[in-house]
1. Inside region 368-394, can you point out the residues that are outside any strand (DSSP E or B) and more than 17 Å from the chain's Cα centre (by Cα)?
2. Kindly indicate which of 40, 32 is at pLDDT 95 or above and in contact with a Lys or Arg (Cβ under 6 Å, 6 or more places away or on another chain).
3. Six or more apart or on different chains, Cβ atoms under 6 Å: show the pairs whose first residue is in region 461-485 and modelled with pLDDT of 95 or more and whose second is aromatic (Phe, Trp, Tyr).
4. When residues of region 328-337 are filtered for being at negative phi and surrounded by 18 or more Cβ atoms within 10 Å (Cβ to Cβ), how many remain?
5. Would you please name the residue that is surrounded by the most Cβ atoms within 10 Å (Cβ to Cβ), looking only at residues in region 18-32 that are in contact with a Ser or Thr (Cβ under 8 Å, 6 or more places away or on another chain) and not acidic (Asp, Glu)?
6. Test residue 237 against the criterion of being in a strand (DSSP E or B), in contact with a Pro (Cβ under 7 Å, 6 or more places away or on another chain) and in contact (Cβ under 8 Å) with a residue 24 or more places away in the chain, and give yes or no.
7. Please enumerate the residues belonging to region 329-362 that are within 30 Å of residue 468 (Cβ to Cβ) and of a type in the set (Asp, Glu).
8. Given (1) without any contact (Cβ under 8 Å) to a residue 40 or more places away in the chain; (2) farther than 20 Å from residue 211 by Cβ, identify the lone condition not met by residue 73.
Amino acid sequence: MTCITDFLNGDNASASLQAAIRTAAGKDRELFFPAGEYHFYPEGCSIRYCSFSNNDEGVKTIALLLENLDGFTVRGENARLIFHGRISPLCAFGCRDLTVEGLTVDFEDSFVSDADLVRRENGLAWFRFFGKHHVADGKIVFSDDAYDNMNGKLLFYCYDRMKKEIICNSHSVTVRNEKILYRDGLIGMEDVFASAETDAFIVKHERRLCPGMVFDDCENLKIRNVTLHHAAGMGFLIQNSENCEVDGAVVEPHGRRASVSDDALHITDCRGKLRIANCRLSGTLDDAINVHGVFRKLKSRIPGGKMYYLETGHYQQQGVFNVRAGDTMQLFSRADGKPYGKLKIRKVIPCNKAFVIVDIDERELPAAFVQGDPALILETLADLEVTDTECRPLYGRGVLASGMDRVHISGCRFHTSGAGVFISGDFSFWYESGPVKEALIENNFFDNCNYYAFGATQEPLAVFPELASLAENYYYHGRIEVKNNRFRAADRPLVSIMSATEAEVSGNVFEADGTYPFIPHSKAGYFFTDADSPAAAFRHCGTVRETDNSGFRKGSEKS
């Protein structure tokens, strides 16, 4: 193995990384970090322009840059890596049989800050902010670079000190980062906090600019026993890759109220087998796990012409294209999500970050085709397995799965402000595909999930494709099985399934718990359960089977 300590010269480990990686790549293919603490500064890092799905593209300062390596391992022995400034700790591109294990990642500076409300007086709220900051020209400045607080807003989340979570059914508060005062170590701003039920807050002030670890176009990837305490964006991001395993990963706060600013683990547009096991994911300000394919829009530059191209639907998916010659493209109706044609892609020509040209046999294009209809690459319908994993995001859902061949979620524990498990599919905003052919959700513990009342659905477990209309005799998802799970919550709807060919809810157990009151919240087009709905509700499903659910209450079914 190649030991990083043989290359260190001074306090900045960044300057030694590329030489160490080159040596390891030409020698034993293992870069080893012995136990200890290593500090990384921007000087000596690699610079490149990157497109990261569901994060913000741009010029990235990368510490550990791994490119086109085969059979390579980055291994730590309880090694703690501390990053100073706006750095992406590890990015891997085009690697095969890559293993990353035994590392702990943290940042010296905060991209999400803690703040305590000290007093309110004369129309001003005075806060004590923790972490690096100062006030200049009426603004609070955190990182003092060109990317600092780019949207000019401070988003305050109400924090429960005792439970270490977002306060149940609380609203976040947004304040413009202007007319900020500084006095005696306190930050003063307009008092819009009268309804806040706490003096403790988490303040989000950065965009998704430097996720923790990114893996792009990798194959046979293994992430084992890696801990992330902080990042600006996703914790782990895997995109355009095939056959990936995340085992023993931990995302949790350390010295802060929040961990990463967005999802703990985000997997986009991957192929093959995806396995997540024995992980502990907490303190995030978005979902714990989000695994999805990508809908793209099929268009012709000249309607009826010869040049067809796939265009991204969401700006944070630009530059990310897992589209290959020989792939099969499925077209869907934008109105009801119904598939209506398949096309073989003969050739792919990259053009720019917004689209790629696809060579198809125009004669095979269905007459129903409409410019911009959603298209899904069927080869990116992966198999997802999530086992023995704990999800406790501060503000988000547990496991999201959309656009999968098979999904198996087992032995997990969820305590989430949103749904514990959410199976969706949309081409209205995020363009996160798509149908799930089979899903088995079994032997999990849903512990007071969806205690935040203002999400898209209110059930701890929801199957909810975002469709403009429901087509007669067509079901978006395939077989959905919810078996032998334990639900602890206030008396409320627990499971909702919409537009599945087969739906089974059986052998589940409900335990009443009044810790988090259920507040029904309805919104046209998004909810089909009310306070008096049954524990398990179904809408527009083919075959429905509901048996042996202990404690599940019946109610008036909604059509």
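1. Applying the first criterion (outside any strand (DSSP E or B)) to region 368-394 yields 368-372, 378-381, 388-389, 393-394.
Listed by number, the residues that qualify are 368, 369, 370, 371, 372, 378, 379, 380, 381, 388.
2. 32
3. 462/422
4. Count: 5.
5. In this case the residue turns out to be 31.
6. Spelling it out, residue 237 is indeed in a strand (DSSP E or B), in contact with a Pro (Cβ under 7 Å, 6 or more places away or on another chain) and in contact (Cβ under 8 Å) with a residue 24 or more places away in the chain.
7. Result: 336, 361, 362.
8. Only one criterion in (1) without any contact (Cβ under 8 Å) to a residue 40 or more places away in the chain; (2) farther than 20 Å from residue 211 by Cβ is unmet by residue 73, namely (1).
The values are calculated or read from the model by the stated rules, or taken from the named source; none is laboratory data. These numbers come from a predicted model, not from an experiment. Cβ sites come from the backbone with ideal geometry, for glycine too, and all protein chains shown count toward neighbours. Note: accessible area is taken over every heavy atom of the protein model, side chains too, but ligands, DNA and RNA are not part of it. Shrake-Rupley method; radii C 1.70, N 1.55, O 1.52, S 1.80 Å.
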